[in-house]
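The values are calculated or read from the model by the stated rules, or taken from the named source; none is laboratory data. Owing to the predicted nature of the structure, the values given are computational and were not obtained by experimental measurement. Don't worry about glycine lacking a Cβ; one is built from the backbone with ideal geometry, like all the others, and counts go over all protein chains shown.
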Amino acid sequence: METLPKPTPTTFLVMANILVYVYTSVVGGNFIETSNSALYRWGQYNLYVMNGWYWQLLTSLFVHVDIIHLSLNMLFLLIFGFRAEELFSQEEYFFIYFLSGLCGNLLTLLMPLYTLSAGASGAIFGIFGACVIYVRKTFGQSIVGALLYSFLLLMMTAGRNVNIFAHFGGLAAGLIIGYVLARSRKIVF
């Protein structure tokens, strides 16, 4: 009897995001867009977080505004996540993902009190940042290239209804973690 392969960190997170989207769709009665009530309950509403709903700093990493938002985030999670699996242990991967997402959401608290935010993009930016700087540093290359790639990606995603604070916070956390991990390892070529 064959057993199913164990999910990788990336496939686990993609499945978790999809399951949360399905749940919020069923609860909200709409598969195309997440209902406002679900967004205010499980997304990050700064007013609620400041009044004690701290769990939103983590639950909002799994809540998406609509099916397109979910699809694009999961596409980039697959692209950057599979690369991260090659570079980092499972524990490091999850540490990067969740700490980057948390940093992005904490930075979001600097936005107006009535800001509503949702999505995994801060965590995904962290995965990207950790990968790009880790590879550059590990191969003895200048980290300036990693910083330029990161800045370029950040600018390409800036736009209306985009939480640039979450993107920047996640990216900065990922860059720092990736740099520290690269410095801590002795790689022999």
Response to the item:
Heads up, the helices (runs of 4 or more DSSP H) in the range 8-95 (entirely inside) with at least 1 residues that are in contact with a Ser or Thr (Cβ under 7 Å, 6 or more places away or on another chain) and among the aromatic types (Phe, Trp, Tyr) are 36-42, 67-87
Worksheet item: Does PHE151 satisfy the condition of being surrounded by fewer than 18 Cβ atoms within 10 Å (Cβ to Cβ), out of contact with any Ser or Thr (no Cβ under 8 Å at 6 or more places or on another chain), in contact (Cβ under 8 Å) with a residue 60 or more places away in the chain and not in a loop (DSSP other than H, G, I, E, B)?
Response: no
Worksheet entry | Unmet criterion (only one of (1) under 20 Å from the mean Cα position of the chain (by Cα); (2) free of Cβ contacts under 8 Å to residues at least 12 places away in the same chain) for SER25 | (1)
Item to complete: Would you be able to say whether some residue in the range 177-188 is within 15 Å of the chain's Cα centre (by Cα) and free of Cβ contacts under 8 Å to residues at least 40 places away in the same chain?
Response: no
Item to complete: Provide a single number: the residues in the range 1-52 that are at pLDDT below 95 and within 24 Å of GLU86 (Cβ to Cβ).
Response: 5
Worksheet item: Scanning for something crowded, with 16+ Cβ neighbours inside 10 Å and either more than 16 Å from the chain's Cα centre (by Cα) or of a type in the set (Phe, Trp, Tyr) (or both), does the range 4-11 turn up at least one residue?
Response: no
Discussion item. Looking only at residues that are of a type in the set (S, T, N, Q) and surrounded by 18 or more Cβ atoms within 10 Å (Cβ to Cβ) in the range 60-119, which one is farthest from THR8 (Cα to Cα)?
Written reply: THR108
Practice prompt. Of the numbered conditions (1) over 16 Å from the mean Cα position of the chain (by Cα); (2) among the aliphatic types (A, V, I, L, M); (3) modelled with pLDDT of 95 or more, ALA130 fails exactly one; give the number of that condition.
Written response: (1)
Discussion item. On the basis of being out of contact with any Gly (no Cβ under 9 Å at 6 or more places or on another chain) and under 25 Å from THR11 (Cβ atoms), does LEU181 make the cut?
Written reply: yes
